[in-house]
Amino acid sequence: MQSTICRVIPQSRAVISSLIKYSAGRRHLTQKMEEPSISEGAGETVIIEGKAKVIFPNANQVFYNPVQEFNRDLTCAVITEFARMQLLQKGIDIVVPDERKEQKVVVDLSDPGEEESKSNVENDKPAARQEAHVGVPCTDGLRVLEGLAASGLRSVRFAREVPGLQSVIANDFSASAVELIKRNIQFNGVGDLVTASFSDARELMCSKKDSRNRFDVIDLDPYGSPSMFIDAAVQSVSEGGLLCVTCTDMAVMAGNSGETCYSKYGAMSLKARFCHELALRILLHSLDLRANCYQRYIVPLLCISADFYIRVFVRVFTGQAKVKMSASKQALVYNCVGCGTYHLQRMGRAISHGNNMKYSPGTGPPVGMSCEFCSQRHQVGGPLWAESLHDTEFVQKIISAVDRNPKRFKTSERILGMLSMAIEELSDVPLYYTLDNLSSVVRCSTPSLLQFRSALLHAGYRVSLSHACKSAIKTDAPPALIWDIMRCWEKQNPAKREKLSATCPAFHILSKEPSIEACFTVREDANPKSRKMGLKRFQENPEANWGPKARAKAGGQISSSLEEKRKQHQNKRKISPGTPDGHLKNFPCKRFRQGCCDLGESCRYSHTESEETPEAQENSHLVQDSASS
């Protein structure tokens, strides 16, 4: 018995040592998290999200939008898998609390007579691998920067939910926001990992662009456009590092202001049915273009369009040869304003000649002066990223990790549903058509999703859905076949052709006979797996007026909600005939909305002197407010 114990203890010494370190780290983290050194004060609210508890002022002093919890949950999941991938190469395993271990089947094919040789091999086993735990700084871990931290909620969540981090910098250029970040760091007991920083995000990133000081992860989630931060970000992220970028200026990205989109991102946006995926590809084009200036290029891991914003996760690498390939990854899009048919034109070509590559400009254009289907004109958009939006293998790892620990995130169901759709998308087919638009063009009823997908599959082409739109159809079928299928559908569900004018797209499209006989019999493989499983693929409105919130104001001034502004400005510039002169009396003045008007509930834009109190007459401001607003 004694000799047996002596043989076992040396083999278990490394394991016992790692368990002692794990217990010490967990005890240290538990003590920090259970003993917050600061509490909320008057006029403040404590918000709980994930494992973090953060203090927020009731006034609109620091920006916060609860609807973007999905954004923050997804970011924690992505960075966790990125840390797992990066630290695995350094011999470090990350440990996520409550995560089920992957079941690995080990088959022993050795002969029974080899027991003696196996015992010798066991004695030569390497020491146990190092482990990285949540809340414990890892010496070889990731250096994270949140460039626009606001309250520091995201950085605190990183510290309390993502293992394998060396340090987190929560930066903001607002003094009040930085003070709040410091309080939240103390409130959550994550001072060993998170550091507050008061600096311009661009200056901070440029100061770290030396290859030895770069950040492994940079998270940019601004209010509006990130365009002014992209140049510094692509320089200061490490080799193979992760860049996480959010855009909330979707009106610009989706075609309402194409000229503004060009000034910010170097591409023209279009107001088309595929505008949300186009926005993703324009942002990727801008990131790659800025990176190319420094002999760097991007590799997308995951790019999604959700709610009122787009979010991309890309890795940044350095390599002059790969940078030369960038031109062949960009394309212009020609979109017909009549029927919505689109064609892509690559900006460049890369042709392999053995071990060498030959680069040349793209050839085209792929369309004529007018659309071949409806004789309408084309609009030109882009350049845009024309390669894959997702790394399927990486996304599958995120899905597996979330599935092993479904209670880790409040939005786990939506993460699983959206990412399942992402890996089902055709990676080599940019943009999409929508069923409602195809039916609207030919003026007939809309086929079901399964019927239209089945028709494309019967014709021998691939087809998928898109996470960016419920009615989207991505397919490698040519536009001519798509309209042939719609012509066949129209024969079964006739449109009122006598009401079609000679100039409308439906007249031109339906005047031709289909060249194929489409089959709308539903196939088994027409229903995607995510749809069969009933996954939560699209967001349901979580609350009233759940879109973008009002920008934070310096000094914590109370700002009107967007819904109030919509009511106040609706038809304000266009007053209908017969409107009484006193119509502005229905709207409170600005000081009433700020809570400092002496007239109380009776306050209106235009008051008569009889309605005003002597104190209010001294502070007469109603006429000026009406004119200024």
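The values are calculated or read from the model by the stated rules, or taken from the named source; none is laboratory data. It should be emphasised that the depicted structure is a prediction, and the values quoted were computed from it without experimental measurement. For neighbour counting, all protein chains shown are included, and Cβ atoms are generated from backbone atoms with ideal geometry for every residue, glycine included. For accessibility, only protein heavy atoms count, side chains too; no ligands or nucleic acids. Shrake-Rupley method; radii C 1.70, N 1.55, O 1.52, S 1.80 Å.
With the condition kept exactly as written, say whether any residue in the stretch 338-351 is among the charged types (D, E, K, R) and closer than 23 Å to N437 by Cβ.
The answer is no, given that none of the residues of the stretch 338-351 is among the charged types (D, E, K, R) and closer than 23 Å to N437 by Cβ.
Is at least one residue of the stretch 316-325 assigned to a helix (DSSP H, G or I), of a type in the set (D, E, K, R), crowded, with 24+ Cβ neighbours inside 10 Å and touching a residue at least 12 places away in the same chain (Cβ under 8 Å)?
The answer is no, given that none of the residues of the stretch 316-325 is assigned to a helix (DSSP H, G or I), of a type in the set (D, E, K, R), crowded, with 24+ Cβ neighbours inside 10 Å and touching a residue at least 12 places away in the same chain (Cβ under 8 Å).
Is it the case that the stretch 263-272 has a residue that's open to solvent by 20 Å² or more (accessible area, probe 1.4 Å) and assigned to a helix (DSSP H, G or I)?
Yes, there is a match, as at least one residue in the stretch 263-272 is open to solvent by 20 Å² or more (accessible area, probe 1.4 Å) and assigned to a helix (DSSP H, G or I).
Consider T503 against the criteria (1) surrounded by 18 or more Cβ atoms within 10 Å (Cβ to Cβ); (2) at pLDDT below 90; (3) among the polar types (S, T, N, Q): it satisfies all of them except one. Which criterion is unmet?
The single condition T503 does not satisfy is (1).
Is at least one residue of the stretch 342-355 open to solvent by 70 Å² or more (accessible area, probe 1.4 Å), over 29 Å from Y262 (Cβ atoms), assigned to a helix (DSSP H, G or I) and not hydroxyl-bearing (S, T, Y)?
no
Residues of the stretch 419-448 being open to solvent by less than 30 Å² (accessible area, probe 1.4 Å) and at positive phi, which ones?
If the condition is that a residue be open to solvent by less than 30 Å² (accessible area, probe 1.4 Å) and at positive phi, then L431 is the only one that fits.
What do you reckon, is A159 small (G, A, S) and either touching an Asp or Glu at 6+ places or on another chain (Cβ under 8 Å) or farther than 22 Å from V245 by Cβ (or both)?
Taking the combined requirement at face value, the residue does not satisfy it.
Tell me, which residue of the stretch 80-95 that is aliphatic (A, V, I, L, M), touching a Lys or Arg at 6+ places or on another chain (Cβ under 9 Å) and surrounded by 20 or more Cβ atoms within 10 Å (Cβ to Cβ) is modelled with the highest pLDDT?
I92
Looking at A128 and the list (1) open to solvent by less than 20 Å² (accessible area, probe 1.4 Å); (2) on the phi < 0 side of the Ramachandran plot; (3) modelled with pLDDT under 90; (4) not charged (D, E, K, R), which single condition is not satisfied?
Condition (1) is where A128 drops out.
Can you list residue pairs whose Cβ atoms sit under 7 Å apart, with the first residue in the stretch 68-88 being among the aromatic types (F, W, Y) and the second being part of a helix (DSSP H, G or I)? Count only pairs 6 or more apart in sequence or on different chains.
F70/R414
Select, from A291, A279, the only residue that is open to solvent by less than 10 Å² (accessible area, probe 1.4 Å) and farther than 19 Å from S466 by Cβ.
Checking each option against the conditions leaves just A291.
Identify all residues within the stretch 356-403 that are open to solvent by 50 Å² or more (accessible area, probe 1.4 Å), assigned to a strand (DSSP E or B) and closer than 30 Å to L510 by Cα; write none if there are none.
Q379, V380
If a residue must be open to solvent by 80 Å² or more (accessible area, probe 1.4 Å) and free of Cβ contacts under 8 Å to residues at least 60 places away in the same chain, how many such residues does the stretch 512-532 contain?
6
Among (1) touching a strand residue (DSSP E or B) at 6+ places or on another chain (Cβ under 6 Å); (2) part of a loop (DSSP other than H, G, I, E, B); (3) under 25 Å from P57 (Cα atoms); (4) not charged (D, E, K, R), there is one condition T246 misses while meeting the rest; what is its number?
Just one mismatch for T246, condition (2).
Within the stretch 457-495, can you find the residues that are more than 26 Å from L280 (Cα to Cα), open to solvent by less than 30 Å² (accessible area, probe 1.4 Å) and free of Cβ contacts under 8 Å to residues at least 60 places away in the same chain?
L481, D484, I485, M486, R487, C488, W489, E490, A495
Please state which one of G555, G578 is part of a loop (DSSP other than H, G, I, E, B), at pLDDT below 65 and at positive phi.
None of the other options fit; the residue is G578.
I need the full set of residues from the stretch 298-313 which are modelled with pLDDT of 95 or more and open to solvent by 30 Å² or more (accessible area, probe 1.4 Å), in order please.
Scanning the stretch 298-313 gives a single hit, V299.
Could you list all residues from the stretch 404-418 that are open to solvent by less than 20 Å² (accessible area, probe 1.4 Å) and either modelled with pLDDT of 95 or more or of a type in the set (V, I, T) (or both)?
Within the stretch 404-418, just I415 meets the criteria.
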